[in-house]
Structures are given as C-alpha cells and as structure tokens.
Amino acid sequence: MKPFEKWKTEEVRMTFGIRQVETHQLMQDWCSASFPEEEKHKERIEELRIRLNRFANFWSEEDIKVFFIIPIIDIVNFYAFGKYRAFMEATISARTQDIHGNLCELRGRVEFVVATGEQDPQTPFFFLNEYKPQIKAVSDPQGQLLIAMLAAQAKNNGKNLPIYGLYNIGQLWFFIIMQGQEYVSSKAFDATDAEDLKQIINMLRYVKAHIERNV
C-alpha cells in the first residue's frame, strides 16, 4: 500500500480512470465566489500578503505553513462545534476499485482536511495539501491531492458530493474539484497579489458555506 505522497498525477489517472476536464460549472461557481469583505480582517490579510511577498522565495515548507497559510485559513474559521472541524496531519483511509475492478486500499496522511467528526475525520469535504516552497517544488502535489480526494470519495460512501481541494507551490494556489470520475483545476492564484488573495479567501469561504449546507 503506497502512501499518498508517492502518487503522481498520471499514475492516479491510469490506475483509477479519472480524467481532467477543461471546464466545469462547479469550478466556474467557485472561482467567481463573492462575499462582503470583513473589515476586522482587512489589515491582517494585508500584513500577511506583504510578509509572503517578502519571504516566499526563502521560506521553508514549515515557514510557508506557519507564517502564511494557517493564518489565512484561520481567518475563514473552519470550525462548527459538533458538526465539522479542521484536522491537521490526519490519516485518511478507504477502499475503492481500480479500472480493472480490483479492490485497492488507499491510506495516507494529509496536511489539512475539513471533515465531520471530532476525533477523526469521518466525511471529508475539503483538502489543502502539500505546502511546497517554490524553489524546491520537485514532487507532484497535484497527484498527492488527487489520490487523497479519491480516498475521500470512497470514504463518503456514495454520497456523491463534490470534493474540494487545493495545493500550494510557494505563493501560487491551485484549486481542484473532483466529482465522480472527473476533476477540474483552476488557474494559478498568486497570493502576493491583493486581488488574487481576496479571491482565495472568497473561495475558502465558499467551501465553508458548501460544508455547512451538507453537514
């Protein structure tokens, strides 16, 4: 059984028959999400953006996570007591079939997942994976995210909910939606750009609203 970090995009496609599509209404809705700006967070968001702009090319993986990504995620606040919460370094496991009908066990640790459950993730909705520094991005964060999303689909027991996710390479954020055997990827959003960062936060808030409608 191979851990999530060992999977590559092409291997995930060939093993499980998933395919990328160029456009999807769900992604169009996600990328155009709009919410009123919250005044109480504006100054903090700008501070974080300036910090990232100065240090993105020098930060380690842990630096990016601790000093930028987690503060941004925390602004959105993926917590609802008794309903869902965010998990860090969580293990996701499930069984699903490959293209030949063979049963495969998928198991791995994910950087960040929002799911129902209090002690362990039960129904995953949203993944944030692979905090890779831009100058060291040599692995395949998309493949690692896709295999985690496939495991989530299987774990969700046929609920047919889209799985939302994103991966990060330095200052660039890439959003992915998987539904059934199809997945679609967004353009790159540059978190050092004020408008892009505003939209990143809108998209995170959109996911939160989606989760609250479905728990």
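In plain terms, the chain is cut at each of the trypsin sites (Lys or Arg not before Pro) found in a DSSP loop with at most 15 other Cβ atoms within 10 Å, and the longest leftover piece is 84-158. For the range 6-75, GluC sites (Glu not before Pro) meeting the loop criterion (DSSP other than H, G, I, E, B) and having at most 16 other Cβ atoms within 10 Å: Glu22, Glu37, Glu38. Across the cross-link table entries Lys8/Lys42; Lys2/Lys65; Lys40/Lys208, which are compared at the Cα atoms, the separations over 30 Å belong to Lys8/Lys42. Ellipticity at 222 nm from helices only: DSSP H runs of n ≥ 4 in the chain, each -39500 (n - 2.57), divided by the residue count, give -11000 deg cm²/dmol.
Taking the Cα-to-Cβ direction at Ser93 and at Ala194 and moving 7 Å from each Cα, how far apart do the two end points lie in nm? Here the answer is 4.9 nm between the modelled labels.
Charging the Cβ of each Asp and Glu at -1 and of each Lys and Arg at +1, and nothing else, the dipole of the chain about its Cα centre rounds to 420 debye.
Only the coordinates and a few stated rules stand behind these numbers; no lab work does. What you see is a predicted model; the values in this text were computed from it and never measured. Here Cβ is always computed from backbone atoms with ideal geometry, including for glycine, and neighbour counts include all displayed protein chains.
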